[in-house]
1. For the stretch B:412-547, what does the alpha-carbon gyration tensor say about shape, rounded, prolate or oblate, given a ≥ b ≥ c as the root eigenvalues, a/c under 1.5 as rounded, and a/b over b/c as prolate?
2. Residue separation times 0.36 nm, minus the C-alpha to C-alpha distance between A:Lys489 and A:Glu124: what's the value?
3. For A:Lys199, which sequence-distant residues (separation of 5 or more, or a different chain) have an amide H within less than 5 Å of its own amide H, given hydrogens modelled in the peptide plane?
4. Please work out how much accessible surface B:Arg368 shows to a 1.4 Å probe, ignoring ligands, DNA and RNA, in Å² rounded to 10.
5. Using a label point 7 Å beyond Cα on the Cα-Cβ vector, give me the inter-copy distances for A:Ala356 in nanometres, one decimal, shortest first.
6. Just how large is the dipole of the protein assembly as shown about the Cα centre, in debye to the nearest 20, putting +1 at every Lys and Arg Cβ and -1 at every Asp and Glu Cβ?
7. Suppose we look only past 27 Å in the calculated P(r) of the stretch A:1-131. What percent of the Cα-Cα pairs does that tail hold?
8. How large is the accessible surface of A:Met394 in square angstrom, using a 1.4 angstrom probe and rounding to the nearest 10?
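The values are calculated or read from the model by the stated rules, or taken from the named source; none is laboratory data. Computed from a predicted structure; not experimentally measured. Neighbour counts are summed over all protein chains in view; Cβ atoms, including those assigned to glycine, are modelled from backbone coordinates with ideal geometry. Only protein heavy atoms, including side chains, enter the accessible area calculation; ligands, DNA and RNA are left aside. Shrake-Rupley method; radii C 1.70, N 1.55, O 1.52, S 1.80 Å.
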Protein chains: 2
Amino acid sequence: MEKSALQIARAAYQPKLPLALRGALNAVEGEPTQSVADQEEVEKLFPNTYGMPYLRFEPVDGEMKTQQMNVGVILSGGQAPGGHNVISGLFDGIKKLNPANKLYGFILGPSGLVEHNYMELTAEIVDEYRNTGGFDIIGSGRTKLEKKDQFDKGLEILKALDIKALVIIGGDDSNTNACVLAEYYKAIDAGVQVIGCPKTIDGDLKNSEIETSFGFDTATKVYSEVIGNIMRDCNSAKKYWHFVKLMGRSASHVTLECALQTHPNITLIGEEVEAKNQTLDDVVTYIADAVADRATRGMNYGVVLVPEGLIEFIPAIKKLIAELNDMLAANQADFDLVADDNKISYVLKHLSDENAAIFKSLPLSVSRQLALERDPHGNVQVSLIETEQLLAEMVGKKLAEWKKEGLFNGKFSTQHHFFGYEGRCAAPSNFDADYCYSLGFNASMLIAAGKTGYMSSVKNTSKPVDEWIAGGIPITMMMNMEKRNGEMKPVIRKALVELDGNPYKYFVCHRTKWARETDFIYPGPIQYFGPAEVCDQPTKTLTLEHE
Amino acid sequence: MEKSALQIARAAYQPKLPLALRGALNAVEGEPTQSVADQEEVEKLFPNTYGMPYLRFEPVDGEMKTQQMNVGVILSGGQAPGGHNVISGLFDGIKKLNPANKLYGFILGPSGLVEHNYMELTAEIVDEYRNTGGFDIIGSGRTKLEKKDQFDKGLEILKALDIKALVIIGGDDSNTNACVLAEYYKAIDAGVQVIGCPKTIDGDLKNSEIETSFGFDTATKVYSEVIGNIMRDCNSAKKYWHFVKLMGRSASHVTLECALQTHPNITLIGEEVEAKNQTLDDVVTYIADAVADRATRGMNYGVVLVPEGLIEFIPAIKKLIAELNDMLAANQADFDLVADDNKISYVLKHLSDENAAIFKSLPLSVSRQLALERDPHGNVQVSLIETEQLLAEMVGKKLAEWKKEGLFNGKFSTQHHFFGYEGRCAAPSNFDADYCYSLGFNASMLIAAGKTGYMSSVKNTSKPVDEWIAGGIPITMMMNMEKRNGEMKPVIRKALVELDGNPYKYFVCHRTKWARETDFIYPGPIQYFGPAEVCDQPTKTLTLEHE
């Protein structure tokens, strides 16, 4: 494949490893762990992998050599910058342990394991992908590894390839499944270890031991680059309000981080909207107020950041969606026969009065979206709502009313943008290149130490790489019981934006100033070769969390 | 203002100047010039500035010193990366000529001149903006300088500030107006020179003497960065067709350049669509064919690049729009009274049969757009049509038909994106930083040489900066007569994509391969500090044009 000049130059970058991973090491056990909640239920479901201790690798003299072994790797779920470096770190790690070791990649995600679709990842192949973005080395997919027959089918190929350990690179769901798989293989004494790696640009897989999921750093820097460019345009033309939606359905970390990097005039944080029990009208009024205030000082322009999941964070709409899903499931056959033109009135008739009133208050484009478009599971497709356009439109209507009442004298023209795919496959920043390589290399050491049901953990990442701490954390430690499709299930608890956390508090301290003034920051594109203060900074979120 | 680490580091960059501009210089006159067409008419309209010779600056021994003078500068039209460097080059140039010289900036575009809204650009201010994107140092605007009373009003403030020369940084329209202004001031012996600078990310202001307009390099690199990221995602997930619309209403240079940088599966070039007299259905069929072909080889994914102006390049639609505008202008009062629901049928009744048939064939969302939304001049708003969504939708419909007929067996899921504001205010690439600084510095030398009606010209830009050639080109040379609002006007001829030019021919040679295979290139973000092969490359367009 033809490569860009940057790809070629960047291929030569040697990611840095924490000191402990540079030579021989010893796995030092810490205290036994407990799940973050529901300890009794989680323990019952994971009798073989519950309560294991923290692990920390410490350097020792000597050499690390193991018996020959084969390792498998899976990329699961949405892309995140640095996945290729996890694989190259893992590859280099197992080759260091024994040059005869082999790495197999399962193709297009977990389905590759179940369908026995795989390839050997040789040095030649791995070298093509070092420090690059994307998951294209083996592809990714969203098949969920959840069922016994999938596990058994997977075991066939693992045995056939003599694979001793499987590394699953994924988000909270994929790591939950990795843990269930580890437990199952241990229970049946299959002789296959399972190790997880924390991936997601959304940043919602983190806790005391996993400081950040990989890809968050790079993706938020790409989004901040283009947001900064839009801000500079906004501040040059002085005629538009730009509404920018950012990926992140379940948590608003991406939006918060981009706000900390760029200082937009208005930033919506889903977790706050939920905690304050705000309505859609509250949110619209909040924006309109800020627009009107700037207009009084002649500033008919600004930038608004909106998290993708905003709509679902609004408690009243969350309730409405839940009832909609239940009602449509109960009346599916009936509803399918209703003509499209009558679907909205059918919905209104079958909802509780409270939710019917909310449904009625939505703009037609949204209620139509909710009534007409459903995903393969029959659920309404909240993610298809173009929140950034919806808000711009509703704010415009409110300001038009205010204008009639003499409460607003400015102009309000809008542009809207949605950034997601632009950042998920960017070439990893130095931080993500180092972090991912370390996570992968570290995973090989967890395998060598005979561990299963662990997640690769690299900590102290707000410091220089030399000071990073490598080790493992039992995945069960992150679990609690949650309702999924009507059933209580053990799952890794999602990390939402904490309203008493430093990043959010910093934002709250400054947002009034950012709204009133034009205090934009223009981060520019990720730099790989320049001075350290430009190239080697972690996210603001990570820095503030560890201050 | 708080600055990002990159802004701070980048502020220290000293843009490079062509050799001829580094010391004292001499303006060498070339041949007298002719306008590119309609010589007689253009000459009649520009009796004082027509036919002037090319100028080329050559280094001489000695020092350049001039009498004290003041200079004014205007940023006109849409933002383009490097505008601040034109200003800093101009500033450094006039200060070198005489440290007592002063630079005044007119605020928010040409209206600043007419409304006497200005500020002095001191060293302290200029230093804050070196090598940064945006036009926020003085803002920009779209007021057209066309009328005598504007010129006279402007002259008042130019005289009051003792300004000897005005530099207008703009696109083809703004430079046309700069030329009219130069002619007028010369005709009335106002004692004010006018110099133009070629700006536009669209790349459509170029000719034998102006090799590229500034900003094109940086903007296309930013777009190529995010397109490359989307491609990598596309090739990892292997499940979407991404439709990407790019800025450029009048010409498809941006789309072509991004295609050369990234190798998308399908690229539409408006100029080709027009030359081949294609219909919207032809374009849709062309895309659907490529999608269906990839599907036969299991590739249900790809990337399509679409220029913003595509719709207007389709001859049948162009005719329809022309008739629509005329018809609506003729029936305005009548039409305004028609209820929104009846506007489409009103339009159908009042169009010629041929255009009514075209209008009827458009998707409802588009015909509604054309009938309902009009700009302040009463024209239909073609630019509001979301071409990328429209094409995705129409291709989907066609493929669904083909599926029924057994002609298509793949899947077709789409995502769409529009990139414009993301690139217009990016921090200039090394190329644009140097080119813009040189254009600005060079403008100061044209002023010192007493010239008016010239555009600042820096050539040989596909070579290293040392070999760049600096000089001036009479703006009248670029002109021809075109119909504008029913009247023949002298205007700078827009440079469209040439179907016999090297960049297009290179694209045509490779596009079949790019469509069939997955040959994506991932350029990554603009680098400012790395190796020259990464940081200092001009665009593919420029390179191919000068091969």
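1. Verdict is oblate for the stretch B:412-547.
2. Working it through step by step, the gained length comes to 127.2 nm.
3. A:Gly170, A:Gly171, A:Phe214
4. Accessible area, nearest 10 Å²: 120 Å².
5. Those label-point separations list as 4.5 nm.
6. 200 debye
7. Every Cα pair in the stretch A:1-131 considered, those over 27 Å come to 40 percent.
8. 40 Å²
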